[in-house]
Amino acid sequence: MIASSPTADEIAAAIRTIPDFPKAGIQFKDITPLLADARLFSGSIDLLIDGIKPGLVDAVVGIDARGFIFAAAAAIKLDAGFIPIRKKGKLPYQTHEEEYELEYGTATVAVHVDALKPGSRVLLVDDLLATGGTAAAAAALVQKLGATILQISFLIELTFLSGRGKLQNYPIKSVVQY
Ligand code: AMP
């Protein structure tokens, strides 16, 4: 028997909130119970790529580290390649880098200079949209390579942090909102 597709509410019910992790005041969204459930994991990818047919994008770009889990699975379902955007210092070949603001200080993400062909069509994926700084920096790297972002998809969106404000040039989709 083929299991029915999960709803976004079922997926939300499998995401656990851990208070004060990794530091006081953060309500950390723990996706590991969702990943451990085959039906919910697969269904979350279907919802993440809803409306995007295989062949429409050339590559799914995932953001270090939990974004990789969803982006790699989406790439396989979409018959597309997978491209990692990593934290600075992790990629072995020549990179472009983009710095962005954190609550305290800055962080830098990087991509290989030859990761995407100019003109290639990209779905950018991360697990969670909070303030939008990470995704905006990742999107800037994709643009630097001359590729086109068709959509940015997040499993989770913390709407009270208004991250979409930093991503106004792109179509944004999220599966579960808080
Ligand atoms: P931001 O740049 O503020 O949009 O933060 C997004 C990145 O930080 C994502 O890659 C998330 O994995 C991580 N992140 C931020 N806030 C949370 C949270 N409450 N729970 C889990 N991950 C988070």
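The values are calculated or read from the model by the stated rules, or taken from the named source; none is laboratory data. Computed from a predicted structure; not experimentally measured. Neighbour counts are summed over all protein chains in view; Cβ atoms, including those assigned to glycine, are modelled from backbone coordinates with ideal geometry. Side chains included, ligands, DNA and RNA excluded: accessible areas come from the protein's heavy atoms. Shrake-Rupley method; radii C 1.70, N 1.55, O 1.52, S 1.80 Å.
Can you work out the PRE-style zone for Lys53? Point 7 Å along Cα to Cβ, and I want the residues of segment 92-129 with backbone N under 19 Å.
121-123
Pull up all non-local amide H partners of Ser120: gap of 5 or more, or a different chain, and H-to-H distance under 5 Å with H placed in the peptide plane.
Thr148
Where both partners of a DSSP beta bridge lie in segment 91-178, what percent of those bridges are antiparallel, to the nearest 5? Could the numbers behind the result be given before it?
Numbers: 7 of 20 bridges.
Of all bridge pairs located within segment 91-178, approximately 35 percent are antiparallel.
Could you do me a favour and compute the accessible area per residue for the chain, 1.4 Å probe, result in Å²? Walk me through the numbers on the way to the answer.
Working: 9170 Å² over 178 residues.
With all protein chains present, the chain gives 52 Å² per residue.
Work out the P(r) tail for the chain: percent of alpha carbon pairs separated by more than 19 Å, whole number. Walk me through the intermediate numbers first.
Working: 8864 of 15753 pairs.
Of all Cα-Cα distances in the chain, 56 percent exceed 19 Å.
Antiparallel versus total DSSP beta bridges in the chain: what percent is that, nearest 5? Numbers along the way, then the final one.
Details: 13 of 35 bridges.
If we restrict to bridges inside the chain, about 35 percent are antiparallel.
Give me a comma-separated list of calculated 3J(HN,Hα) values for segment 25-31, in order, Karplus coefficients 6.51, -1.76, 1.60 applied at θ = phi - 60°, integers in Hz, x for any Gly or Pro.
Working through the residues one at a time gives x, 8, 9, 7, 8, 8, 8 Hz.
How high is the relative contact order of the chain? Use alpha-carbon pairs under 8 Å, at least six apart in sequence, and give a whole percent. The partial results should precede the final answer.
Details: 354 pairs, mean separation 32.0, N = 178.
Reported as a whole number, the value is 18 percent.
Arranged from highest to lowest average of other beta-carbon atoms within 10 Å per residue, in what order do the peptides 172-178, 8-14 appear?
Details: 172-178: 18.1, 8-14: 16.1.
Top of the packing list down: 172-178, 8-14.
Collect residues whose amide H, placed 1.01 Å from N in the peptide plane, falls under 5 Å from the amide H of Thr95; neighbours closer than 5 in sequence don't count.
Amide H neighbours of Thr95, under 5 Å, 5+ apart: Val113.
Would you please give the residues with an amide H less than 5 Å from that of Gln177, counting only those at least 5 places away or on a separate chain, with H modeled from the backbone geometry?
Counting only residues 5 or more places away or on other chains, the set is Glu157.
Tell me, what is the percent relative contact order of segment 85-178, built from C-alpha pairs under 8 Å that lie six or more residues apart?
Values: 185 pairs, mean separation 24.0, N = 94.
About 26 percent, as a whole number.
Just order 86-95, 55-64 by mean Cβ neighbour count inside 10 Å, highest at the front, would you?
The peptides rank, most packed first, as 55-64, 86-95.
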